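To start, the structure under review is shown below, and the notes come after it.
The values are calculated or read from the model by the stated rules, or taken from the named source; none is laboratory data. Keep in mind that this is a model prediction, so the values were computed, not measured. Cβ sites come from the backbone with ideal geometry, for glycine too, and all protein chains shown count toward neighbours.
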Amino acid sequence: MPIVGLDADLRALAVEVLFEASQAVMDDLLEAAPVGETGDLVASAYGPAVDEATLSATVGFSAPQADWTNEGTVPHDEFGNPLMTFYWENGPSGPGVYSFHHVNHPGQEATHWFDNIIDNWDDYVEGAAQ
């Protein structure tokens with residue numbers, strides 16, 4: 001005797017798990033994202049966008065600092081056009097606004113705030129499935 005409708009029921013359950021797991025990931029990413037002074041990183045969040053046909057979901061952040069804060073950067077030069085102006089808490093003359101044609105950025109250590117959550121996708125799926 002054939003089991004009627006099982007494929008559709010299983011797919012519907014899988015989509016439900018996918019929606020719940022991807023939303024939990026996005027919630028945790030928003031909590032973990034560095035806020036900074038502007039809030040631009042958190043404001044650039046997108047997703048979850050769920051593709052039911054492929055049973056996949058997309059989440060992310062479009063601000064460039066998403067990659068820099070997650071993966072870190074090596075020391076590098078930065079050039080103004082013609083000047084770059086910024087507030088420097090530990091500037092040479094104390095806290096204040098400084099302008100330069102060029103700075104030697106010391107780099108930034110990776111925090112893996114994004115990777116640490118995404119790498120646990122299976123745990124999110126298991127939690128949603130329960």
Reported set for region 87-130 where residues are within 23 Å of residue 68 (Cβ to Cβ) and acidic (Asp, Glu) is 89, 109, 115, 119
Flag for residue 62 being surrounded by 11 or more Cβ atoms within 10 Å (Cβ to Cβ), in contact with a Phe, Trp or Tyr (Cβ under 7 Å, 6 or more places away or on another chain), at pLDDT 95 or above and not hydrophobic (A, V, I, L, M, F, W, C):
yes
If we take region 36-130, then strands (runs of 3 or more DSSP E) inside it with 1 or more residues that are closer than 30 Å to residue 24 by Cα are 45-51, 56-61
Those residues of region 70-120 which are touching a Leu at 6+ places or on another chain (Cβ under 7 Å) and not assigned by TED's automatic domain parsing to the domain that holds residue 33 amount to 99, 100, 101
Checked region 71-130 for anything loosely packed, with under 11 Cβ neighbours inside 10 Å and among the aromatic types (Phe, Trp, Tyr); matches are 87
Given (1) under 27 Å from residue 108 (Cα atoms); (2) in contact with a strand residue (DSSP E or B) (Cβ under 7 Å, 6 or more places away or on another chain), residue 50 misses just (1)
Reported set for region 24-50 where residues are polar (S, T, N, Q) and either touching a residue at least 60 places away in the same chain (Cβ under 8 Å) or touching a Phe, Trp or Tyr at 6+ places or on another chain (Cβ under 9 Å) (or both) is 44
